[in-house]
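The values are calculated or read from the model by the stated rules, or taken from the named source; none is laboratory data. Owing to the predicted nature of the structure, the values given are computational and were not obtained by experimental measurement. Counting neighbours? That spans all protein chains shown, and the Cβs are built from the backbone with ideal geometry, glycine included. Side chains are part of the model used for accessible areas, which takes the heavy atoms of the whole protein and leaves out ligands, DNA and RNA. Shrake-Rupley method; radii C 1.70, N 1.55, O 1.52, S 1.80 Å.
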Amino acid sequence: MASHALLDIDEQWAATVPFNFYGPCSAESEEQMLQTAAGIAAGFNSPIYRAGIWKPRTRPNSFEGVGTIGLAWLKKVKEEYGFQTSTEVANANHVEHCLKQGVDILWIGARTTVSPFAVQEIAEALKGVDIPVFVKNPIHADLSLWIGALERFNKVGVRKLGAIHRGFHQLDSAPYRNLPKWELVIELMGKYPNLPMVCDVSHICGTPELIPHVAQKAMDLNMNGLMVETHVTPKIALSDAKQQITPEVLIDLVSQLERRARTTDNEEYRSNLEILRGEIDKIDAEAIELMARRMELAKKIGLYKRDNKVTILQVDRWQNILDRSIENGKALGLSAKFVKGLLNNVHDESIRQQNSIMNPDHKRPERT
Ligand code: PEP
Ligand code: MN
């Protein structure tokens, strides 16, 4: 991936954590909005009240949102409960309506983040407007698209900028609705440590039972807030009925979350951690060195193969390596998935190295 300049984030605003978005998937009626808000108010002082007004639905003729009337209900929630309000915008027209009706925070949906034209149009509509924008990850696992959308907003001057992790569509996402792929989110957090990151547990899980575990994981990764779809009567919700929870369940869920600090002043903890981390750093350095040695051997083998006109891959040999290593790993408490993933990477690099020896003129495109 190309290197990226740091995002220019309003640090003062970013420090106003947590950013917890609670509220229904969709605004359905004034009553549903106010009753849900009342339930949430029983447990929280200053959540951000979320509700979809325009709903991006996979198929036409499903409930596509109540439209602008819902913005009046959001306003009412704000007046009665003092919550900040938030909704999804997917075009410049939505932005205009939201700004007129005093919506406090906008978010960009996963289906919009995939479309640079749409993102650019929304960004242009926000030129010179001081409103926070949270960008959900694109539907599929493409970090560049997510970053690109964040950059488009930043470029027009949006400095109150955050990201929302809502999982990634994948055929084998079970048991989740959208696969969390934490490693991608961690990568984004590493690149932009000042970017607030919210975890949308509802769209990751797709079902209430999984939410506690995912919400706890988000907290343990030091994410900056949760998005939880909350509905006064989830069973009869007009969208995402399967994943919404009642305000009572939400309050219980949040109260059960274990909150751990980023660090501690405890001297013993600090010095022990330092020792253990030192050992880990040493092992990582050794592992890299071992890999370099392994690649030297692979290159030597590549030369023999070239001189003897033998193919790079002997699939039975590779299968043996895999089976043996998975077996060895198992005995040492390593999962088959981990060992397989690790060795696949190593093998891929070996093949690349041998290929460059056998076919020095073929430039394989760099995968980043
Ligand atoms: C939503 O938040 O209701 C929504 C449509 O989410 P996503 O864009 O993540 O699918
Ligand atoms: Mn939803």
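Only one residue in ALA92, ALA110, ALA123 is closer than 24 Å to GLN243 by Cβ and not hydroxyl-bearing (Ser, Thr, Tyr), so which one is that?
The match here is ALA110.
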Matching residues in segment 216-249 - criterion: being within 23 Å of ALA163 (Cβ to Cβ) and more than 16 Å from ligand 1 (Cβ to nearest atom): GLN216, LYS217, MET219, ASP220, LEU221, ASN222, ASN224
Subset of segment 100-130 (residues that are open to solvent by 20 Å² or more (accessible area, probe 1.4 Å) and within 16 Å of ligand 2 (Cβ to nearest atom)): ARG111
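Only one of these is of a type outside the set (D, E, K, R), closer than 27 Å to ARG59 by Cβ and out of contact with any strand residue (DSSP E or B) (no Cβ under 9 Å at 6 or more places or on another chain): VAL201, VAL228, VAL232. Name it.
None of the other options fit; the residue is VAL232.
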Residues of segment 319-340 satisfying the condition of being closer than 30 Å to PRO360 by Cα, open to solvent by 60 Å² or more (accessible area, probe 1.4 Å) and under 36 Å from the mean Cα position of the chain (by Cα): GLN319, LYS340
Residue in segment 305-318 that is surrounded by 10 or more Cβ atoms within 10 Å (Cβ to Cβ) and hydroxyl-bearing (Ser, Thr, Tyr) present: no
Unmet requirement for MET358, which otherwise passes all of (1) in contact with a Gly (Cβ under 7 Å, 6 or more places away or on another chain); (2) among the hydrophobic types (A, V, I, L, M, F, W, C); (3) modelled with pLDDT of 95 or more: (3)
ILE288 vs. criteria under 30 Å from SER144 (Cβ atoms) and open to solvent by less than 60 Å² (accessible area, probe 1.4 Å): no
Test: THR85 is closer than 22 Å to ARG111 by Cα, in contact with a helix residue (DSSP H, G or I) (Cβ under 8 Å, 6 or more places away or on another chain) and of a type in the set (S, T, N, Q): yes
Among (1) more than 29 Å from GLU151 (Cβ to Cβ); (2) open to solvent by 80 Å² or more (accessible area, probe 1.4 Å); (3) within 16 Å of ligand 2 (Cβ to nearest atom) - the single one ASN45 does not satisfy: (3)
Residue list for segment 102-129, restricted to those being free of Cβ contacts under 8 Å to residues at least 40 places away in the same chain and either in contact with a strand residue (DSSP E or B) (Cβ under 9 Å, 6 or more places away or on another chain) or within 16 Å of ligand 1 (Cβ to nearest atom) (or both): GLY102, VAL103, LEU106, THR113, VAL114, SER115, ALA118, VAL119, ILE122, ALA123, LEU126
